[in-house]
Amino acid sequence: MTDWQHRPITVAAIEADPDFVQVLGDEVFDAPNLTFTAENWARIAEGRACMRCWELQPIPFLTASHDQCKREKERHLPGCAYSGDGIQKKQQRDIAIEFRGKKWIGPTKNLRDTLDEDDEKRAKFKRDTGNVAGPVVPPWVKL
């Protein structure tokens, strides 16, 4: 496994889902809409992580052979609805029901490239005018 495969599953964004609510007893709550990073989504889609408790798995249960699945046991946190063999029996079906496409969160350039461009613009401004540039707000920041 590579380094990112050992890191815990996290989400990139949590939003209220406008189409659904959760009812627990007499109370009604917003249903969460979770956006996973591409790496974390890949781990869930392969069965390398449980989609309920997010526990990491020793093998990709959804793409592994039947013999591999018999040799390895799924790992789950206490109380997980998938305890036992839920990844193998339920996860693929539940992914099809519960997940709706892909969504990108964040700017299209990484932060290092954006900062380097800002530094170049400041240097050009100083060369052209002889003055030091003031603060620059990146175009993707909403004020």
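Only one of TRP140, TRP54, TRP41 is under 20 Å from ALA13 (Cα atoms), aromatic (Phe, Trp, Tyr) and exposed (fewer than 11 other Cβ atoms within 10 Å of the Cβ). Can you tell me which?
Values: TRP54 fails: exposed (fewer than 11 other Cβ atoms within 10 Å of the Cβ); TRP41 fails: exposed (fewer than 11 other Cβ atoms within 10 Å of the Cβ).
None of the other options fit; the residue is TRP140.
Would you say ILE87 is β-branched (Val, Ile, Thr) and within 18 Å of LYS102 (Cβ to Cβ)?
Numbers: β-branched (Val, Ile, Thr): yes; within 18 Å of LYS102 (Cβ to Cβ): no.
Against the criterion (β-branched (Val, Ile, Thr) and within 18 Å of LYS102 (Cβ to Cβ)), ILE87 does not qualify.
Could you say whether any residue in the range 47-57 is more than 30 Å from VAL141 (Cβ to Cβ), among the polar types (S, T, N, Q) and in contact with a strand residue (DSSP E or B) (Cβ under 7 Å, 6 or more places away or on another chain)? Steps first, answer last, please.
At the first step, the residues of the range 47-57 found to be more than 30 Å from VAL141 (Cβ to Cβ) are 47-57.
Filter once more, so that each one left must be among the polar types (S, T, N, Q): 57.
Next, only the ones that are in contact with a strand residue (DSSP E or B) (Cβ under 7 Å, 6 or more places away or on another chain) stay: 57.
Checked the range 47-57: at least one residue is more than 30 Å from VAL141 (Cβ to Cβ), among the polar types (S, T, N, Q) and in contact with a strand residue (DSSP E or B) (Cβ under 7 Å, 6 or more places away or on another chain).
So, in the range 113-136, of the ones that are surrounded by 10 or more Cβ atoms within 10 Å (Cβ to Cβ) and hydrophobic (A, V, I, L, M, F, W, C), which residue ends up modelled with the lowest pLDDT?
Within the range 113-136, the match that is modelled with the lowest pLDDT is VAL136.
State which residue is modelled with the highest pLDDT when the search covers only the range 74-112 and only residues that are surrounded by 11 or more Cβ atoms within 10 Å (Cβ to Cβ), of a type in the set (A, V, I, L, M, F, W, C) and under 19 Å from the mean Cα position of the chain (by Cα).
ILE87
Look through the range 2-24, keep the residues that are assigned to a loop (DSSP other than H, G, I, E, B) and without any contact (Cβ under 8 Å) to a residue 24 or more places away in the chain, and return whichever of them is surrounded by the most Cβ atoms within 10 Å (Cβ to Cβ).
Within the range 2-24, the first condition is being assigned to a loop (DSSP other than H, G, I, E, B), and the residues that meet it are 2, 7-10.
Now restrict to residues that are without any contact (Cβ under 8 Å) to a residue 24 or more places away in the chain: 2, 7.
Details: THR2: 7, ARG7: 13.
Per the stated criteria, the residue is ARG7.
The values are calculated or read from the model by the stated rules, or taken from the named source; none is laboratory data. Bear in mind that the values here come from a model prediction, so they are computed numbers and not experimental data. Glycine also receives a Cβ, built like all others from the backbone with ideal geometry; neighbour counts cover every protein chain displayed.
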